[in-house]
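Every number here is computed from the coordinates shown, using simple stated rules; none is lab data. The shown structure was predicted, so the numbers you read here are calculated from the model rather than taken from an experiment. Counting neighbours? That spans all protein chains shown, and the Cβs are built from the backbone with ideal geometry, glycine included.
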Amino acid sequence: MHYFEVLRNQETLNARYANVGLYEDLVGFVRSRQAGGMATGLDTARLESQLENERQRLELAKGDVERARLMLLNSIGIGFDVDLALIDELKGYDGLIPSLENAMASALRNRPELKAQLQRIKTAELSLKSIKGERLPSLSAQGDVGMIGNQADHATNTYNVGAMLSVPLWDGGQREGRIGESRSQLNQEAFKLALVKNQVTMELRDALVTLKASVQQHRIAKDGLKASLTEVALARERFRILSSNTLELSNALFSLVRARDNMIDALFRVNASRVNLARSQGEAEALR
């Protein structure tokens, strides 16, 4: 998860740079309008105040990126002097969300605790079956072939063949006690399997619900960012044509900043949810 934290903070840093650039451009534009008598000092001061706020948030974002990188380096156990450069970026998810049944089938194939518990049950079943098999009669046969005589030239072939049938009748109840103990062990392992399956099912349900919600949040954030960009463009054009105050433009810029933050948060949640689901299915290493 530290990996996605770095990507998230890097996306935030890029957004802060974009915000500062936009505010600097607009402050320069309003100053020129003020010099021509088409804007007031309040208009300029309002945008300059927001510009300074964004510059401060930019500096905080730089620190967040460095701290996230240090945490990632520490988690993977390499030196802090390594110049870490991540080539990935946060991206949305357009694939199909698996059903609970398919997700559970993947978990049964891949989750190590499920596979280990199933193996314990199989071992307990074989042990019980082996003890029960001691009740059955057993038939054994043996034989040998050789030669008898004082000299090799006068030796005579000899052979011996025998068979033995063993029928267990009574062993003082020891076998029944071992059968009961083995059956109890099998029941305990089956109960443990039910607990493990219940835990895995809960993790899968939570991961699926979280992924569905994050995908929906990303869709809404994408629409919100598009609307905010349109709002800024319209407010800027309105200010240019009508020479109105910058309040509408200031509000539009604030909405854009918030929309960008919402978009980054939505992308982070989508990617974190995908990792969570893959981990719940036991397929984290196959995640792309």
**Asked** Among Ala163, Ala252, Ala194, which one shows the biggest mean-square fluctuation in a GNM of the chain, springs joining Cα atoms closer than 10 Å?
**Response** Ala163
**Request:** Have a look at Ile78, Ile241, Ile148 and tell me which one the Gaussian network model of the chain (Cα, springs below 10 Å) gives the largest fluctuation.
**Result:** Ile148
**Request:** Quick one: which residues, 5 or more positions from Gly92 or on another chain, have an amide H under 5 Å from its amide H? H modelled 1.01 Å from N in the peptide plane, none for Pro or chain starts.
**Result:** none
**Message:** Checking the cross-link filter: which lysines have an alpha carbon closer than 29 Å to that of Lys62, excluding same-chain neighbours under 8 positions apart?
**Reply:** Lys91, Lys222, Lys226
**Prompt:** With labels modelled as points extended 7 Å from the Cα through the Cβ direction, what inter-label distance (nm, one decimal) is found for Arg258 paired with Ile148?
**Reply:** 10.9
**Prompt:** Under a Cβ-Cβ cut-off of 9 Å, what is the net charge of the residues other than Ser228 that fall near it, where Lys and Arg count +1 and Asp and Glu count -1?
**Reply:** +2
**Hits among lysines - C-alpha to C-alpha of Lys192 under 22 Å, sequence gap 8 or more where chains match** = Lys115, Lys122, Lys129
**Prompt:** Considering only the other residues whose Cβ falls under 13 Å of the Cβ of Glu125, what net charge follows from Lys and Arg at +1 and Asp and Glu at -1?
**Reply:** +4
**Message:** How tilted is helix 174-242 with respect to the longest principal axis of the chain? Cα atoms for both, answer in degrees (0 to 90, nearest 10).
**Reply:** 20
**Debye intensity ratio in log₁₀ form over the Cα atoms of the chain, taken at each q of 0.08, 0.10 Å⁻¹** = -0.63, -0.80
**Fill in**
Comparing Thr123, Thr210, Thr156 in a Gaussian network model of the chain (Cα, 10 Å), the one with the largest mean-square fluctuation is Thr156
